[in-house]
Structure formats: C-alpha cells, structure tokens
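First the structure, in the form of structure tokens, and then the observations on it.
Every number in this text was worked out from the coordinates using simple rules, so none of it is lab data. Keep in mind the model is a prediction, meaning the values are calculated, not measured. Ideal geometry is used to build each Cβ from the backbone, glycine not excepted, and the neighbour counts take in all protein chains shown.
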C-alpha cells in the first residue's frame, strides 16, 4: 500500500526514519539494530520492518535525507559560482560556505553520518559515493575551480578543505584553554569560525602577486 | 610484579595494547569488549585483565600512546616556530605540517582514535582533554601565533584548520571522479595534498598587502 501524507502510517514511517537518523549519527549504522531504531521511534519491530524490511534500506533512506539536505543548502551557490564573473563567483562561494556552516549548525547529524562513513561505517553499502556523492562533489569542485585555478590553488583540495574544516568544527569544536570543547553552540566562536573560513577562501582564491 | 623488557609477559602486554589500538580505532572504544581485545591479541581474557583490570585503563593506555606519538612527531617544530625570526618560524611550521602528515600516513589509527572521540566515543572518560590534549594544543597554537597574528589570521583556528584537514584526508581521502575514495596510499595525491597544506599555511601567514 502507498501511504498518503498525514496518515498515522506516514507519521510512523517518519518516526522510524527520524530515530534512524539520530541513532546512526550518534552510534553508527554498524552499532545500531532495527530493534533499537523501533524502540527509539516508539513503534514495535514489526512496524519498523513493514516500512524498511532491511536495515540497509533504512540506511539508504537516511543517507538520501543527508544528501538532499546538503544539496538543497549548497548546490545553488556552487552552480552560481561556476558562472562568473569573478566577483560574483566569490560572493557565491561565500554563500556556499555560510550555507554549509548553517546546515551543520542546525543539523550536526549530517556531518556525523558522513564522518561515520569515513570511519568505514556501513562499508558493505558501497555504491553511495559513486551514485550520490560524486555528482554533488563534482558540482562543488566546479564551483571552486573558476576562481581557484587562476589563483594557483588546487580546486578539489580547496573544496575538501572547506568541507573537512566545517565537519571538524561541527563535531569536535575547539578546546577553550581549560580542556573544555566549545563549538557551534558558542555564538562568538561560531562568528570567529565563519570569518576564518571566509578568510581561508579569500586568500586561497586571490591571484598571485 | 613489574615486567622487565623482552619477557613473555612484556610481549603479551604489548599484544593487548596493540590489539586495543586496532580495535578502538576501527570500531570505537564503546563498541569493543575486553573479550574482543583478548581474542585479537591472542591471549585469554584473564591475561588481558591481569594487565588491564578495566577497559577504561586500557583506553587511557591507548590514548597515551596516541598522545606521545603526536607529541614526539610535532612538538619540536611547534616549539621552534615560537622562537622566530619569521623565516625560521615558517620553515618550522612547514616541518610541523610535514611531520603531522607523515605520522598520519604511517599511523592512520591515531587520527581515527581522536575522530571517534570527537564522535562522543568514551565520553565517560572526560579528563583526557584537560590533562593531556590541552597542553599539547597550546604548544601547537603558540607555534602558529608568531606568524598568524601579524598576518591577521586567527592562530587557534589556523591550527585546527591544519589538523582537521590532515585528519579528514587521512580518514576519508578524496573522491577520484568515479566515486572511489583515494587517499594517503596514492603517492601523487599525497604529494598534491602536502603541497596544498603548505600553500594554505603560506597564504594564511602572509602579511596583508
């Protein structure tokens, strides 16, 4: 049966996906069972497996959510950056950085899901990179290439630099001097981080003297 | 009893620590049991718990290993960078970057252990940051401050930028255009990554025009 919007069935399905997002991002896919997902969603296991007969299918749904959220936030500025002229491309890349930071601040589970994957989580599900992440990564890199290449900067590695830093800051924050981790939830540090990422971008796409 | 070097007992203890490093870095501390560590070390559980009565004690030993390896690799160039003059500080920071990359290329388990920790692994053991990581982080940041501050760059966030990128590259590499991950094991990509990190450093500590 196909569930229409706003039925109890839709609500249960959304609860299962929401619970899976929380558990896969907090504990990893490999460490989470369908029983734990069902319990966290407040449904019984039969209900959870009615929607998702396999944990693999549920994982693909969760990663599709992460992919769509990222694409919705930053694909547009990445495309605009490809069009030029240079000052408009740079403004678009600033929007890219800001939108990526805002997405991670609001949804830290998204970089967490990807970081678990970097740590070989769900490594038996190996076609995500090729079919979903690579095309998006290509858009990102193309956005940075317009300005990076004339500036003598490696476009792909500049793109990854931005991504690695935003993910790293979201997950680990920085040490505050007394050993306490502070991060996205500290408005002043977030402001400093955002300004720093803009500065990295500006300096890496500046033409050589 | 205190085990001396090169006794069978020393060998067994080292096997337990080595197995713990592999399992905690691959699976996380929270997902690993003492029984799994003993099995991977080729000893029985009684032998493992003879050396480490608690998994917590074993974790502290593993993180001490990670801390010492990092300090041995990069503390010296971080200190040299603090002394100046500027051109010698910059050369020392280049050595810092190279040594950090070399350490992670040879021991990818070290950034993996820290990344698990960023993902809230072993969060019940909460004094590592204060007593072990913060003093080392202070040395690193002080090394970058000498050149970053006059250049208008945030010294702490420049330090973290280097660390986040090296950890990110070690763990995830980059997508090769067809969805395959390539990283530290690709000599040409490693050369490009190293050159890129030097370029980031150089541009971020360059004086404003």
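Set against the 2.2 N^0.38 Å expectation for a compact globular protein, segment B:56-205 has a Cα radius of gyration ratio of 1.07. Ellipticity at 222 nm from helices only: DSSP H runs of n ≥ 4 in the protein assembly as shown, each -39500 (n - 2.57), divided by the residue count, give -23500 deg cm²/dmol. Translational diffusion coefficient of segment B:1-53 at 20 °C, 1.002 mPa s, Stokes-Einstein with Kirkwood Rh over Cα pairs, in µm²/s as a whole number. Using the Kirkwood radius from Cα pairs, D works out to 193 µm²/s. The spacing between segment A:18-60 and segment A:67-144, judged by their C-alpha centroids, is 25 Å. Here the protein assembly as shown has an Rg and Dmax of 22.7, 73 Å, counting Cα atoms alone.
Axis of helix B:134-148 versus longest Cα principal axis of chain B: the two differ by about 10°, to the nearest ten degrees.
The mean number of partner chain beta-carbon atoms within 10 angstrom of a residue's beta-carbon across peptide B:174-185 is 4. Panel order for B:133, B:93, B:157, by other beta carbons found within 10 Å of each beta carbon, from fewest to most: B:133, B:157, B:93. Could you give the angle, 0 to 90 degrees to the nearest 10, between helix B:55-83's Cα long axis and the longest principal axis of the Cα atoms of chain B? The helix B:55-83 is inclined about 20 degrees to chain B. Sorted from shortest to longest, the distances between the residue B:102 label points of this copy and the other copies are 4.5 nm, with each point 7 Å from Cα along the line through the beta carbon.
For B:166, B:125, what's the fewest-to-most ordering of other Cβ within 10 Å of each Cβ? By the 10 Å Cβ count, ascending: B:125, B:166. Between the helical axis of B:8-27 and the longest alpha-carbon principal axis of chain B there is an angle of about 60 degrees. Averaged over the residues of B:123-130, the number of partner chain Cβ atoms lying within 10 Å of the residue Cβ comes to 2.
Each other copy holds its own label point for residue A:44; taking that point as 7 Å from Cα along Cα to Cβ, the gaps run 4.5 nm, nearest first. Between copies, the label points of residue B:91, set 7 Å from Cα on the Cα→Cβ line, lie 4.5 nm apart, reported in increasing order to one decimal in nanometres. Remark: mean inter-chain Cβ contacts per residue of A:146-153 equal 1, using a 10 Å Cβ-Cβ cutoff to other protein chain atoms.
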